[in-house]
């Protein structure tokens, strides 16, 4: 049987990292089994959804490399099908019209809380002739009584629930719009989904939808529920946390290779191996390797993974990403500046954890407008200013090669009986606006004699 999975986000915001992981797991499970992965946008809630959110989700998935094998399904286009199914269930007496008003529902909900019982509508077994006319109603699914529902969850194991614990839930609202529970199940059947893989916060929904699947199609899909992601305090990840979406990670300069690797390792393992490419994961992904406990966000691990990929990916790729980031920040680069960036790139990468770090570390090459801030830094420059003239005079006479510049500074500090740090620190601050950098003479060689002398004269 061809495995068919789906990712079905609700477009009410950016792609959450929990949703991204769910999408990734669905994608990899399908690929590992030689199956098909589909995307469905569950855009039936016009009050919450937005086109911007849809585009953000799709762009984030594309950036991760999680691409659908078929045309994207938009749930709102199946509206009529969902309503048709609700009418079919009514006709088959598998659902009923419920005329309970808000006050009556409140009483039943209170009773449910007090007695730990299900909501029982008086309209469950009423015949059509007893129904009021010209009164709004909802359609509720008639959940069978005294049955044991068994879900053989591929992650959680066998889970049993008694049908008496499940309310007759609404499948069609009073405005005659279908609910998520109905639409999602109907679309799964329509799309021939064989495996429903989603967060374990949907477990209660699975037991409700069980009967929709059962009433409409003899073969139920396989269900797998992934434990949620928790923050470093052990609580469910929320918008208050530092990083909650793929957009957040991208804006902070994380590489997609690192993000995919990180998401994959959030709750999944394979022989304690740390680093995985997407293509590697496609071959070996196994649901049985997903843990049953919530995965924990570890920002240090994310930084470590990104640092690894910064150093291990082809330098041309990192260069292209850096240039894109620079140009995104409205800096114009000519060929000379691009060449200088490339020459200095490798030692800069050694000091960077992400593309934003790299952008900040390289900015001195093409922009001298950045101010030197901090009282201590100003003092470093001021305290060394007595050496300025002799250094500039000596540099003007130097042949502009790193080894010649090294020899010049070696002789200079020897003659002045000072440590190199006394002049090395102000040189770094003036030329790079930072106290740490690649070899300062290497930086000087790359920047060029004219630019170095100009900056020293302007600032020192």
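The values are calculated or read from the model by the stated rules, or taken from the named source; none is laboratory data. Because the structure is predicted, anything quoted here is derived from the model rather than measured. A quick note on method: Cβ atoms are made from the backbone with ideal geometry, for glycine too, and the neighbour counts reach across all protein chains shown.
Of these, 94, 100, 108, 88, which one is surrounded by 11 or more Cβ atoms within 10 Å (Cβ to Cβ), assigned by TED's automatic domain parsing to the domain that holds residue 165 and either modelled with pLDDT under 90 or at positive phi (or both)?
Numbers: 94 fails: either modelled with pLDDT under 90 or at positive phi (or both); 100 fails: either modelled with pLDDT under 90 or at positive phi (or both); 88 fails: either modelled with pLDDT under 90 or at positive phi (or both).
The unique qualifying residue is 108.
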Residue list for region 197-223, filter: buried (at least 23 other Cβ atoms within 10 Å of the Cβ) and in a strand (DSSP E or B): 197, 223
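Name every residue in region 404-423 that is in a helix (DSSP H, G or I) and touching a helix residue (DSSP H, G or I) at 6+ places or on another chain (Cβ under 8 Å), in order of residue number.
405, 406, 408, 409, 412, 413, 416, 422, 423
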Meets criteria (free of Cβ contacts under 8 Å to residues at least 24 places away in the same chain, under 19 Å from residue 223 (Cβ atoms) and not in a helix (DSSP H, G or I)) for residue 158: yes
Matching residues, region 14-49, being touching a helix residue (DSSP H, G or I) at 6+ places or on another chain (Cβ under 6 Å) and assigned to a loop (DSSP other than H, G, I, E, B): 14, 15, 42, 43, 44
Qualifying residues in region 380-397 (those that are touching a residue at least 40 places away in the same chain (Cβ under 8 Å) and under 20 Å from residue 410 (Cβ atoms)) - the one surrounded by the most Cβ atoms within 10 Å (Cβ to Cβ): 384
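Here is a yes/no grid of residues against (1) touching a strand residue (DSSP E or B) at 6+ places or on another chain (Cβ under 6 Å); (2) farther than 16 Å from residue 170 by Cα:
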site	(1), (2)
86	yes, no
89	yes, no
92	no, yes
95	yes, no
103	no, yes
108	no, no
111	no, yes
114	no, yes
120	no, no
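Yes or no, residue by residue, for (1) modelled with pLDDT of 95 or more; (2) part of a helix (DSSP H, G or I):
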| residue | (1), (2) |
| --- | --- |
| 136 | no, no |
| 140 | yes, no |
| 176 | no, no |
| 183 | yes, yes |
| 189 | yes, yes |
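For (1) part of a loop (DSSP other than H, G, I, E, B); (2) at pLDDT 90 or above, each residue gets a yes or a no:
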{"position": "241", "(1), (2)": "yes, no"}
{"position": "271", "(1), (2)": "yes, no"}
{"position": "274", "(1), (2)": "yes, yes"}
{"position": "279", "(1), (2)": "no, yes"}
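Kindly state which helices (runs of 4 or more DSSP H) lie completely within region 317-390 and contain at least 1 residues that are within 23 Å of residue 252 (Cα to Cα). Outline the logic, then answer.
Working: elements: 335-349, 355-366, 375-383.
Those helices (runs of 4 or more DSSP H) span 335-349, 355-366.
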Lone unmet requirement of (1) surrounded by fewer than 18 Cβ atoms within 10 Å (Cβ to Cβ); (2) out of contact with any strand residue (DSSP E or B) (no Cβ under 8 Å at 6 or more places or on another chain); (3) more than 20 Å from residue 286 (Cα to Cα) for residue 247: (1)
Criterion: loosely packed, with under 13 Cβ neighbours inside 10 Å and either closer than 17 Å to residue 455 by Cα or without any contact (Cβ under 8 Å) to a residue 40 or more places away in the chain (or both) - qualifying residue of 377, 329: 329
